[in-house]
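The values are calculated or read from the model by the stated rules, or taken from the named source; none is laboratory data. No experiment lies behind these values; they were computed from the predicted model shown. Reconstructed Cβ throughout: ideal geometry from the backbone, glycine too, with neighbour counts over all protein chains shown. Please note that ligands, DNA and RNA were not included when accessible areas were found on the heavy atoms of the full protein model with its side chains. Shrake-Rupley method; radii C 1.70, N 1.55, O 1.52, S 1.80 Å.
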Amino acid sequence: MLTLTLALRNLLHAGLRTWLNVVALSFSFVAIIFLQGFYDGLNEQVERATVAALYGGGQYWHSSYDPYDPLTLDDAHGVIPAPLDSLIAHRQATPILIRPATIYPQGRFRSVLLKGIDPDQTVLSIPSALLKDRSHGIPAIIGSRMAHSTGLQKGDMVTVQWRDVHGTFDARDVVIAEVFRSTVQDIDNEQIWIPLDELRRFTRTPDEATIVVLGQRVAPPGSVGGWDFRDLSFLLRDLHTLVRMKSVGASILYLLLLFLAMLAIFDTQVLSIWRRRKEMGTLMALGMTRGGVIRLFTTEGALHSILAALVAAMYGIPLMAFVANTGFALPNAADTMGFAIGEKLFPVYSPSLVVGTTVLVCLVTTIVSFLPTRRIAHLKPTDALRGKLS
Amino acid sequence: MQDLPLVVTHALDKTYALGQTTLKALDGIDLAISRGEFVGLVGPSGSGKTTLLNIIGALDVPTSGSAEILGRSVETLTHREAARLRNEHLGFIFQTFNLLPVYTVFENVEFPLLLQGIETGRRKQMVEEALAWVGLADRADSRPSQLSGGQSQRVAIARAIVKKPDVVLADEPTANLDAANSHHIMKTMLQLNRDLHTTFVFATHDEKVIGYLHRTITLVDGRIARDEHAGDSSHS
Ligand SMILES: Nc1ncnc2c1ncn2[C@@H]1O[C@H](COP(=O)(O)OP(=O)(O)O)[C@@H](O)[C@H]1O
Ligand SMILES: [Mg+2]
């Protein structure tokens with residue numbers, strides 16, 4: 001308690017030097033929390049959109065299905081087993097049939113995935129209802145990225161070629177019924193959505209599917225022979241890895257900020273121990289122990305981070321509350337990050353982030369403040385009084 | 001009480017290693033200082049005054065021989081025990097005042113009491129009393145940088161005596177002061193010696209100080225050359 005009182009007194013009386021360090025340290029606090037909240041918000045938002053558009057409450061995969069091996073796709077389909085069928089009948093799940101195909105937009109060929117989806121499904125946020133109108137031919141929908149890369153537009157006719165179950169080539173023309181915008185690239189890039197029943201007919205695979213997507217919050221009906229249940233933590237693994245990789249840049253930035261702030265504190269400590277050696281001698285002459293002097297100087301250094309946390313709170317809380325509510329308007333360029341984000345990004349500042357960062361910074365500051373004080377441990381009071389630092 | 005010695009040294013030596021050679025700063029010091037004395041270690045620069053004063057102040061230990069302060073052998077004290085002894089029983093006054101620069105006058109004088117854990121109300125009263133003794137009651141809120149040398153040293157005196165120590169050790173207290181201020185603080189300390197029976201031990205080569213001493217111990221090359229009481233000339 002005495003140490004704290006004295007340290008605070010020393011620090012506040014030291015004036016400008018203290019406040020320079022405190023403000024620098026508070027920038028680190030705010031920057032770390034700000035950036036981390038940005039990425040947490042990004043992660044959460046991307047995850048929510050991806051779950052809504054693609055993963056639902058988890059997926060049953062045909063046991064041959066391996067999204068990383070396109071060559072297996074020809075065999076990755078089977079008749080939907082009864083337990084899943086009844087969920088589908090109750091609109092609690094929806095089947096998707098996936099077939100490799102080739103399209104010929106403007107005479108060039110291109111490998112794509114042909115995905116059959118029930119136009120009446122409500123399980124996923126994919127705008128499948130656009131596939132209901134068949135008056136202009138077999139309708140197909142594609143995402144805006146696909147439209148951009150192929151040059152296809154609404155109303156265009158495109159030839160799709162695939163192999164049926166017997167391996168023979170077949171082809172049909174489909175009409176682009178709509179180009180949809182989605183933040184989720186995995187329902188957009190290199191794929192064409194057509195009505196499930198048409199795809200089944202083309203490929204002669206009635207009642208079959210590659211995956212069955214459960215609705216959100218639908219409990220999986222247990223193990224189903226020949227099909228593997230993939231829960232959300234499995235499905236989201238790649239996404240989380242991606243976000244983590246993307247946030248490495250931010251981590252480096254904030255470690256750098258933290259490092260600079262620590263350097264400032266360390267420097268201040270080393271300097272202050274050097275300049276104040278006579279004061280240390282006086283303190284010892286007045287009856288303070290070496291341990292007491294070490295505690296005092298360490299506390300002075302560590303108090304920087306407490307003051308910094310308070311200062312950071314003064315401008316950081318309003319700032320972060322503001323952006324968390326208003327969100328960031330993101331330029332389209334944000335799409336190049338490898339995953340799409342909504343039009344606006346809302347950072348998430350969780351209590352664990354704020355408390356965790358504060359504790360981390362305070363801890364590191366205390367250690368950094370303590371290290372230079374170890375010189376005091378060998379200090380003789382007589383040397384200190386003569387201005388010597390042994 | 002009166003004749004129980006506060007400080008006793010026996011065959012006290014202090015040597016410093018200087019590269020390959022050694023330097024004998026104190027050589028066979030036998031000394032006894034009693035309660036209530038107003039005594040000075042005098043002698044030319046380098047004669048060992050500060051070294052001896054620091055040992056008496058439990059800031060340093062003898063190389064051989066013994067030094068007992070208030071019945072405690074400084075050579076056997078742990079660092080912590082020595083700090084406690086200084087805090088509770090000893091007051092220090094330095095040539096360069098050594099006030100804590102960021103503290104006010106009040107806070108400087110209060111400091112030893114904070115270390116002792118004395119509660120706020122009594123602390124305030126003791127500090128005010130000490131400042132009144134040295135005639136600085138009106139400067140309680142000043143900072144050391146706003147004080148003259150004489151005022152600074154008076155604050156240092158107040159800080160040394162505020163806890164009513166058994167001994168005040170003053171190393172060249174007038175070396176940075178002009179004649180008027182030197183006389184002023186010597187009179188102040190003499191007054192405190194008389195009124196509070198505080199023992200004062202000086203280390204000095206300042207004639208103005210020597211004129212006030214009741215006893216003068218002259219050091220030459222780390223040895224006691226003379227030990228005289230005011231008004232006599234007996235050699236020890
Ligand atoms: N820490 C030290 N290391 C080496 N020599 C020292 C040290 N302290 C004092 N001395 C030497 O011891 C002798 C006595 O010094 P000191 O007690 O300071 O003398 P005085 O106070 O009488 O001027 C001097 O020669 C001084 O150089
Ligand atoms: Mg000296």
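Worth pointing out:
- Positions within the stretch A:205-217 being surrounded by 12 or more Cβ atoms within 10 Å (Cβ to Cβ) and modelled with pLDDT of 90 or more, in sequence order: A:GLU208, A:ALA209, A:THR210, A:ILE211, A:VAL212, A:VAL213, A:LEU214, A:GLY215, A:GLN216
- Applying the criterion of being surrounded by fewer than 22 Cβ atoms within 10 Å (Cβ to Cβ) and touching a residue at least 60 places away in the same chain (Cβ under 8 Å) to the residues of the stretch B:90-121, the residue that is farthest from the other protein chains (Cβ to nearest Cβ) is B:GLN95.
- Within the stretch B:23-35, if we keep just the residues that are away from chain A (no Cβ under 14 Å) and surrounded by 17 or more Cβ atoms within 10 Å (Cβ to Cβ), the residue that is farthest from ligand 2 (Cβ to nearest atom) turns out to be B:ARG35.
- Test: residue in the stretch A:294-306 that is surrounded by fewer than 16 Cβ atoms within 10 Å (Cβ to Cβ), within 14 Å of chain B (Cβ to nearest Cβ) and over 25 Å from the mean Cα position of the chain (by Cα): no
- Within the stretch B:46-89, the set of residues being within 14 Å of chain A (Cβ to nearest Cβ) and within 11 Å of ligand 1 (Cβ to nearest atom) comprises B:GLY46, B:GLY48, B:LYS49, B:THR50, B:THR51, B:LEU52, B:LEU53, B:ASN54, B:ILE55, B:ASP60.
- Number of positions in the stretch A:77-116 that are touching a Lys or Arg at 6+ places or on another chain (Cβ under 9 Å) and open to solvent by less than 60 Å² (accessible area, probe 1.4 Å): 13
- Exactly one residue out of A:ILE273, A:ILE252, A:ILE265 is away from chain B (no Cβ under 14 Å) and touching a Lys or Arg at 6+ places or on another chain (Cβ under 7 Å): that is A:ILE273.
- Among the candidates A:LEU12, A:LEU6, A:LEU20, the residue that is out of contact with any strand residue (DSSP E or B) (no Cβ under 8 Å at 6 or more places or on another chain), part of a helix (DSSP H, G or I), within 14 Å of chain B (Cβ to nearest Cβ) and open to solvent by 60 Å² or more (accessible area, probe 1.4 Å) is uniquely A:LEU12.
- Residues in the stretch A:42-52 that are surrounded by fewer than 21 Cβ atoms within 10 Å (Cβ to Cβ) and not charged (D, E, K, R): A:ASN43, A:ALA49, A:VAL51, A:ALA52.
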